[in-house]
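Report on one structure; see the data block that follows.
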Amino acid sequence: MQDRFDSQGRTRWRRFAAMMVPATAAAGAILFGMSTGAIASDITVSGQTFKIGADRLEGDGFKQYGGIVREKGKDGKSGQVHPVALSEISSAELYSLCQSVRADLPGLPVVLTINAGEGKEPARAKDLLIAMDSLNGNATFTNIRIGRDATDLNPTAQAGSFGQNSDHVTITNLQQVSRYTTAATFNLVGLRLKVNVGDDAKGKECF
């Protein structure tokens, strides 16, 4: 029993630590290719998704196109590949930002939560890149261009694949399931990070 707990527990907590984004977001935007034969980035993901919510997102320089991220296999080589929607935002403001990730241990619920931008000052990000599985909310786009060749938005995308962009985007009641996030800078005003364990973990996810 102890061996099982140790092996599963260490795996869970490694993933748990890897999901502490945006608090430990890497500097610089990492771009992913779409080609099924090769992945344009050496970045690998944990395989675990996390949730991001916000009352409102205001973003300038919005781009969106398809891509992939990959897990690292047990042999240290490329593992499972996940198709994702990639969104780039040059400058973003997030009001009442919430991020949560499940990191349950055997028989023990655990949820990490990060909150920021809950007052008058929002959380702010520069050169934000998000690899997501899903996105819900109410969106308003300014000067949107739909159906562009994705390589016009990012040269690492597959030629002929679908892309769209707009000068500005507003999303209210944002609910997003993501696999990876990075930003050149991420200013988390009023940061609150908490590890919720056991009964305290119930209902603590962002949505």
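The values are calculated or read from the model by the stated rules, or taken from the named source; none is laboratory data. None of the values given here were measured: they were computed from a predicted structure. Please note: Cβ atoms are built from the backbone with ideal geometry, for glycine as well, and neighbour counts cover all protein chains shown. Just the protein is used for accessible areas: all its heavy atoms, side chains included, with ligands, DNA and RNA removed. Shrake-Rupley method; radii C 1.70, N 1.55, O 1.52, S 1.80 Å.
The table that follows gives values for the structure above.
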| item | result |
| --- | --- |
| Residues of type aspartates and glutamates that Lys120 reaches as a straight line, Cα spacing below 19 Å, ignoring anything fewer than 8 places off in the same chain | Asp55, Glu58, Glu93 |
| Solvent exposure of the range 103-207 as accessible area per residue, Å², 1.4 Å probe | 50 |
| Members of Lys51/Lys72; Lys72/Lys204; Lys126/Lys202 lying beyond 24 Å, as alpha-carbon distances in this model show | Lys72/Lys204; Lys126/Lys202 |
| Asp55 paired with Asn143, simple spin-label distance in nm, labels 7 Å along Cα-to-beta-carbon | 2.9 |
| Computed over the range 81-167, Kirkwood Rh from alpha-carbon pairs, angstrom | 15.9 |
| Inter-label distance, nm, simple model (7 Å from Cα along the C-beta direction), Val177/Ala85 | 1.3 |
| Separation of the Lys194 and Lys120 label points, Cα + 7 Å toward Cβ, nm | 2.5 |
| Euclidean distance between Cα centres, the range 75-108 to the range 145-188, Å | 15 |
